[in-house]
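Heads up, the thing below is written out as structure tokens.
Every read-out reported here was derived from the displayed coordinates using simple, explicitly stated rules and does not represent laboratory data. Since the model is a prediction, treat every value here as computed from it, not as a measurement. Cβ: placed from backbone, ideal geometry, glycine included. Neighbour counts: every protein chain shown.
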Amino acid sequence: MNPSWIPFQDLATPMADVHTKEQRSFNMSRIRGKDTKPEYVVRRMVHGMGYRFRLHRRALPGSPDLVLARHRKVIFVHGCFWHKHRCKYGRVRPATNAELWEKKRQGNVERDRRNLKALRAMGWKILVVWECWTRDRAKLEQRLRSFLEDGTPQNTQPAPR
């Protein structure tokens, strides 16, 4: 069955892994935590708008992907799967080691919440850009421009509970 024909609500149900243990291990070893394609897309747009930023400032909670210190603004670029976004990519649940993955992903969400709270307490304005948003460049540029010019992100979705 072609995965593109699976109804949207069925994506939340576990599916058997189609890779061998070795293939899955190889694939997982190639997943990066920074310098990802969605992050490059956001960087290119922000830089093209004339803003200058620092990357992954470890002195700040959560080590934000982009830090615009002059404007007191930070941008996180989150992968939908890893940070449990409410889109179809974030709702996928692995069938193999489901409990381990749920614990890991939920831990990411809780850590994100703590980091965002700490940054807000320090006076930073925050935008979380989800990986799925980078597919529609025009809409993403509008969201970024809105956040960077007046500090109010448009159409943001809260993290799952």
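Near K125, the amide H atoms lying under 5 Å from its own belong to K73, V74; only residues 5 or more places off or on other chains count, and H is placed 1.01 Å from N. Each of T20, T36, T96, T134 was scored by other Cβ atoms within 10 Å of its Cβ. Listed from fewest to most, they are T20, T96, T36, T134. For the pair K34 and K139, label points projected 7 Å from Cα toward Cβ lie 2.9 nm apart. Per the Cα gyration tensor, the range 45-161 maps to an equivalent ellipsoid with semi-axes of 26, 17, 11 Å, ordered largest to smallest.
When the charge dipole of the range 34-150 is built from unit charges on Cβ atoms (+1 for Lys and Arg, -1 for Asp and Glu) and taken about the Cα centre, the candidate among C87, L68, H47 whose Cα reaches farthest toward its positive end is L68. As a proxy for reagent exposure, H19, H71, H83 were ordered by neighbouring Cβ count within 10 angstrom, fewest first; the result is H19, H71, H83. Counting neighbouring beta carbons within 10 Å and listing from fewest to most, the residues E39, E102 come out as E102, E39. Restricting attention to the range 34-150, close to 45% of DSSP beta bridges with both partner residues there are antiparallel. The amide H of W130, built 1.01 Å from its N in the peptide plane, has H78 as neighbours under 5 Å, considering only residues 5 or more places off or on other chains.
Overall, the range 34-150 carries a charge dipole of about 180 debye about its Cα centre when +1 sits on the Cβ of Lys and Arg and -1 on the Cβ of Asp and Glu, all other atoms neutral.
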